[in-house]
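A quick write-up on the structure given underneath.
The values are calculated or read from the model by the stated rules, or taken from the named source; none is laboratory data. Because the structure is predicted, anything quoted here is derived from the model rather than measured. For neighbour counting, all protein chains shown are included, and Cβ atoms are generated from backbone atoms with ideal geometry for every residue, glycine included. We work out accessible area using only protein heavy atoms, side chains counted, and drop any ligands, DNA or RNA first. Shrake-Rupley method; radii C 1.70, N 1.55, O 1.52, S 1.80 Å.
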Protein chains: 2
Amino acid sequence: MNRFNVKQIMLTMALVCNVIVSGQTDEETVRTIYSASLNNGYSYQWLDHLSNAIGGRLSGSENAEKAVQYTKAELEKLGLDKVWLQPVMVPKWVRGDKETGYYFLEDGTKVPVNICALGGSVPTPNEGLRAEVIEVTDFSQLEQLGEDAIKGKIVFYNRPMQADLISTLEAYSGCSSYRYAGAVEAVKYGAVGVITRSLSLRQDDLPHTGSMGYADLPNEKRIPSAAISTNDANALSEVLKTSEDIELHFRQTCQQMDDVLSYNVIGEITGSTYPDEYIVVGGHLDSWDLGDGSHDDGAGVVQSMDVLRLLKLSGIQPKRTIRVVLFMNEENGLRGGREYARVAKEKGENHVFALESDLGGFTPRGFSIQASEQDYQRILEWKSLFKPYLIHYFELGGSGADIGPLKNDTNVLAGLRPDSQRYFDHHHAANDTFDAVNKRELELGAATMTSLIYLVDKYGFNQSSPIKD
Amino acid sequence: MNRFNVKQIMLTMALVCNVIVSGQTDEETVRTIYSASLNNGYSYQWLDHLSNAIGGRLSGSENAEKAVQYTKAELEKLGLDKVWLQPVMVPKWVRGDKETGYYFLEDGTKVPVNICALGGSVPTPNEGLRAEVIEVTDFSQLEQLGEDAIKGKIVFYNRPMQADLISTLEAYSGCSSYRYAGAVEAVKYGAVGVITRSLSLRQDDLPHTGSMGYADLPNEKRIPSAAISTNDANALSEVLKTSEDIELHFRQTCQQMDDVLSYNVIGEITGSTYPDEYIVVGGHLDSWDLGDGSHDDGAGVVQSMDVLRLLKLSGIQPKRTIRVVLFMNEENGLRGGREYARVAKEKGENHVFALESDLGGFTPRGFSIQASEQDYQRILEWKSLFKPYLIHYFELGGSGADIGPLKNDTNVLAGLRPDSQRYFDHHHAANDTFDAVNKRELELGAATMTSLIYLVDKYGFNQSSPIKD
């Protein structure tokens, strides 16, 4: 019997052995859910396939298409009421050759640097781009330096993430605009290229990619943009402290292609009492291409899939319609999230709640919640149910990029908040790989999500239908 | 300038740049401590040396002696009031050759298994030990099977840690007696050897060592004991389901030597107001030999060292005497912990509080506290100060093995409780290595410990002297 047969049999057996939850208290049901995930979870096995058999899944790539077909087929095995693909046109950007970069010391020594093109960047000329480097730590410095100092140069944004913030997401937010908008700002002063310090709190040799944009810059004004590893950023900055006129050469052959057809993958358990009230749980199926996208966002994808499976495994028949949505193209376009919300609106589907997992498969700490004060208080009433699982974080804040377009005046959105300390060590880099995910941490996340979905489904929010049973 | 000079200068500079905390609120001081650790912590650099330059530090080994000298020298650089070595005789057990093991299928095929001797075990005969295997999951099964079934065989304890417990420590406690006492119990029924399933929740090929004991068994009755990897335990168990008379062969050349002289490493900041009240923070300097002991307990050692450094760096002059104690021989004897407590008692030193970190350098979640209800309530009053750092766990329970002997009727002990999900993936195995420690997680632990020490020193407990200033 080969490995995949064994896996398939285990999957089927687990689904057959439903636990009857009628008569259980919420404490007992949540315990049932966590035990189901830790004893019989399937998220880690799915992630193994997504990461190791498929790999990085950049929108429009062959791997992204494989991931669509694989997750659809896996959802179909779960005995859901409906599984389908929702078409969406997505941008297709390709990296091309491995990027190269080096700078020249005053004595002519070439010092190689680890760089990668930022997603969406134009290529350099085929022979590469060579120009003097000018270092800045923020946009206001560009203005102070002005066109005289910047024209014809490569702007080096060297803004480290703030180490003493406890939430690394907050530290990321303080720097991400330099990656996204660095080129547009630098072009204003005549820069010919941009090199941005990788958005990581680790000191290492890995460049971290991520999306950048040119806003409405005409094609001929677009300049190539790359990320440089934190170690190389530190070293280059040291050199620039004492040397004038350091030149940097880099080469990238990335290309923006025409949009291609792709899909959101959707599965649902139809609600028994309020089938027209929708609860969404999801993550994004696309990933960057340098690693295999295990944390970003393979973890969120497989956890979301397992939410529906764990509900069934725990013998829970939802009153409302529970949908898993595996969004396409979060990383460089958000087309999937926008299309899902557009279609939902067009069909008049009442989405009462959506939950996203897109911050890695680390030990879950709680949720960030977008809700009215009244609905937030409702969620806080459930907080004690999560205490045995060391889930304490229930704070108002953002939720997730893909579900964001679903927000309206009355519904509630939430984002799973895993421990954030290691997330940016791997984010958008070559080490975002399966071995960096711990099975139990991933499964605890899936159980935490399932428990919240169970409670929202059971009790609803202020604007949802009252409970009838 | 070489790497170590740079490190030394950074260390000195950091100590010079003291922050004045007078007039700060506790919220501000705790913020100062966390920022000091995340921006200027030294725990990770110390751990780098301890793990990568020294390595595994089994009691009585040359590496253990190097670790004593290194940490003493590093403490001496911190400008403490006193640094000294406390002599203690420790057991010396040596592993010898790399262990080998295999079992024989009915068709004669030899299947190799990954094993390692348990610490304290006697060797096999030099040619190895070969005998039939009998599998049990608990001690009561030994009794049911009886001498007829067990005599002359190798007992295979195959008790998996319980996956659906949230605390992996609890899962460990449910199995660790099979490792420690497995030989003594099996000998009662005439077993000739013991193979124990590794105490890990991961399915992998790494055997996990750890201490075992023979109680008062005479030497000639002691039987060799080894751990087998979880993957190999699963495979062997599968084979035993369908095959009779499976024989296993294993060889280990470990030896118990005479006790040798070693040391606890101690440093202190003498209290300004109550110098005769002692607060201890510590971890254990010895480790198992398969990895480099980064999590167990290099992390606790360097965090404890940094507690004193971070207090100074944050401009805090303690009222009570704060001692860092790096205990020797926690793993296979606890001689250091016992000796420290013996000497403290002999000298009449009043130890009002002790804190240990010995559960890995993972994101801190809080503390387990051994205290009277009144002193526990005092600690709970400080809980809100930790909320911004996502430290929520403040529960009554055990503290730490090394500080345990210090407990008396009135004092308070506590153990740092880091996230436990990954701890036993690495515990006592070859992958307990530096790369498995995240710098920020380690530093957050050091800051969390420092903050509690700061508060205990400032406010004292019920039995401590009242605050005079």
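If A:ASP204 satisfies every condition in (1) open to solvent by 10 Å² or more (accessible area, probe 1.4 Å); (2) not in a loop (DSSP other than H, G, I, E, B) but one, which is the exception?
Going through the list (1) open to solvent by 10 Å² or more (accessible area, probe 1.4 Å); (2) not in a loop (DSSP other than H, G, I, E, B), A:ASP204 breaks only (2).
Being assigned to a helix (DSSP H, G or I) and either acidic (Asp, Glu) or modelled with pLDDT under 95 (or both): is that true of B:GLU330 here?
no
Go through B:ASP306, B:ASP297, B:ASP292 for me and flag whichever is in contact with a helix residue (DSSP H, G or I) (Cβ under 7 Å, 6 or more places away or on another chain), open to solvent by less than 10 Å² (accessible area, probe 1.4 Å) and at pLDDT 95 or above.
Values: B:ASP297 fails: in contact with a helix residue (DSSP H, G or I) (Cβ under 7 Å, 6 or more places away or on another chain); B:ASP292 fails: open to solvent by less than 10 Å² (accessible area, probe 1.4 Å).
Result: B:ASP306 is the single residue among B:ASP306, B:ASP297, B:ASP292 that is in contact with a helix residue (DSSP H, G or I) (Cβ under 7 Å, 6 or more places away or on another chain), open to solvent by less than 10 Å² (accessible area, probe 1.4 Å) and at pLDDT 95 or above.
Quick check on region B:378-399. Is at least one of its residues crowded, with 24+ Cβ neighbours inside 10 Å, in contact with a His (Cβ under 8 Å, 6 or more places away or on another chain) and among the aliphatic types (A, V, I, L, M)?
No: zero hits.
Is it the case, given these coordinates, that A:GLU247 is more than 27 Å from A:THR433 (Cβ to Cβ), without any contact (Cβ under 8 Å) to a residue 60 or more places away in the chain and either outside the structural domain of A:SER167 (by TED's automatic domain parsing) or out of contact with any His (no Cβ under 6 Å at 6 or more places or on another chain) (or both)?
Spelling it out, it is not the case that A:GLU247 is more than 27 Å from A:THR433 (Cβ to Cβ), without any contact (Cβ under 8 Å) to a residue 60 or more places away in the chain and either outside the structural domain of A:SER167 (by TED's automatic domain parsing) or out of contact with any His (no Cβ under 6 Å at 6 or more places or on another chain) (or both).
State whether the residues of region A:219-228 include one that is over 24 Å from A:ALA171 (Cβ atoms), among the polar types (S, T, N, Q) and not assigned by TED's automatic domain parsing to the domain that holds A:GLU135.
No, every residue in region A:219-228 fails to be over 24 Å from A:ALA171 (Cβ atoms), among the polar types (S, T, N, Q) and not assigned by TED's automatic domain parsing to the domain that holds A:GLU135.
How many residues are modelled with pLDDT of 55 or more and within 13 Å of another protein chain (Cβ to nearest Cβ) if we restrict to region A:1-56?
Here the count works out to 15.
Condition first: surrounded by fewer than 16 Cβ atoms within 10 Å (Cβ to Cβ), away from chain A (no Cβ under 14 Å) and either part of a helix (DSSP H, G or I) or touching a Phe, Trp or Tyr at 6+ places or on another chain (Cβ under 7 Å) (or both). Can you find one or more residues in region B:156-173 that meet it?
yes
Search region B:386-405 for residues that are within 14 Å of chain A (Cβ to nearest Cβ) and pair each with any residue that is surrounded by fewer than 17 Cβ atoms within 10 Å (Cβ to Cβ) when their beta-carbon atoms are under 7 Å apart and the residues are at least 6 apart or on different chains.
B:PHE394/B:LEU380; B:PHE394/B:LYS383
In region B:92-111, how many residues are under 29 Å from B:ASN63 (Cβ atoms) and either free of Cβ contacts under 8 Å to residues at least 24 places away in the same chain or in contact with a Ser or Thr (Cβ under 6 Å, 6 or more places away or on another chain) (or both)?
Selection size over region B:92-111: 3.
Quick check on region B:180-197. Is at least one of its residues polar (S, T, N, Q), touching a residue at least 24 places away in the same chain (Cβ under 8 Å) and touching a Ser or Thr at 6+ places or on another chain (Cβ under 6 Å)? Write out each step before concluding.
Of all residues in region B:180-197, those polar (S, T, N, Q) come to B:196.
Filter again for touching a residue at least 24 places away in the same chain (Cβ under 8 Å), leaving B:196.
Subsequent filtering for residues that are touching a Ser or Thr at 6+ places or on another chain (Cβ under 6 Å) retains none.
No.
Could you tell me whether A:MET212 is open to solvent by 30 Å² or more (accessible area, probe 1.4 Å), away from chain B (no Cβ under 14 Å) and among the aliphatic types (A, V, I, L, M)?
Against the criterion (open to solvent by 30 Å² or more (accessible area, probe 1.4 Å), away from chain B (no Cβ under 14 Å) and among the aliphatic types (A, V, I, L, M)), A:MET212 does not qualify.
Starting from region A:55-78, keep only residues that are under 21 Å from A:ARG335 (Cα atoms) and assigned by TED's automatic domain parsing to the domain that holds A:THR433, then list their pairs with residues that are surrounded by fewer than 17 Cβ atoms within 10 Å (Cβ to Cβ) and charged (D, E, K, R) whose Cβ atoms are within a distance under 8 Å, requiring at least 6 positions of separation or different chains.
That search, which allows pairs on different chains as well, returns A:ARG57/A:LYS66; A:GLY60/A:ASP259.
Restricting to region B:408-450, what's the tally of residues that are surrounded by fewer than 24 Cβ atoms within 10 Å (Cβ to Cβ), away from chain A (no Cβ under 13 Å), polar (S, T, N, Q) and within 17 Å of B:TRP46 (Cβ to Cβ)?
1
Give region B:224-266 a look and list any residue that's open to solvent by less than 10 Å² (accessible area, probe 1.4 Å) and of a type in the set (A, V, I, L, M), or say none.
Scanning region B:224-266 gives B:ALA226, B:ALA227, B:ILE228, B:ALA233, B:LEU236, B:ILE246, B:LEU248, B:VAL265, B:ILE266.
Determine if region B:351-362 includes at least one residue that is on the phi > 0 side of the Ramachandran plot and in contact (Cβ under 8 Å) with a residue 60 or more places away in the chain. Before the answer, list the steps.
Here is the first cut: in region B:351-362, the ones on the phi > 0 side of the Ramachandran plot are B:360.
Subset that is in contact (Cβ under 8 Å) with a residue 60 or more places away in the chain: B:360.
Looking through region B:351-362, at least one residue is on the phi > 0 side of the Ramachandran plot and in contact (Cβ under 8 Å) with a residue 60 or more places away in the chain.
Kindly provide the set of residues from region B:107-132 that are acidic (Asp, Glu) and open to solvent by 60 Å² or more (accessible area, probe 1.4 Å), ordered by number. Please lay out each step first, then the result.
Residues of region B:107-132 that are acidic (Asp, Glu), as a first pass: B:107, B:127, B:132.
Once the filter is applied, which keeps residues that are acidic (Asp, Glu) and open to solvent by 60 Å² or more (accessible area, probe 1.4 Å), region B:107-132 yields B:ASP107, B:GLU127.
For region A:134-141, state whether one or more residues are of a type outside the set (Asp, Glu), open to solvent by less than 60 Å² (accessible area, probe 1.4 Å) and in a loop (DSSP other than H, G, I, E, B).
Yes, region A:134-141 contains a residue that is of a type outside the set (Asp, Glu), open to solvent by less than 60 Å² (accessible area, probe 1.4 Å) and in a loop (DSSP other than H, G, I, E, B).
Just the residues that are under 22 Å from B:ALA447 (Cα atoms) and open to solvent by 60 Å² or more (accessible area, probe 1.4 Å), please, taken from region B:45-83.
B:GLU76, B:LYS77, B:ASP81
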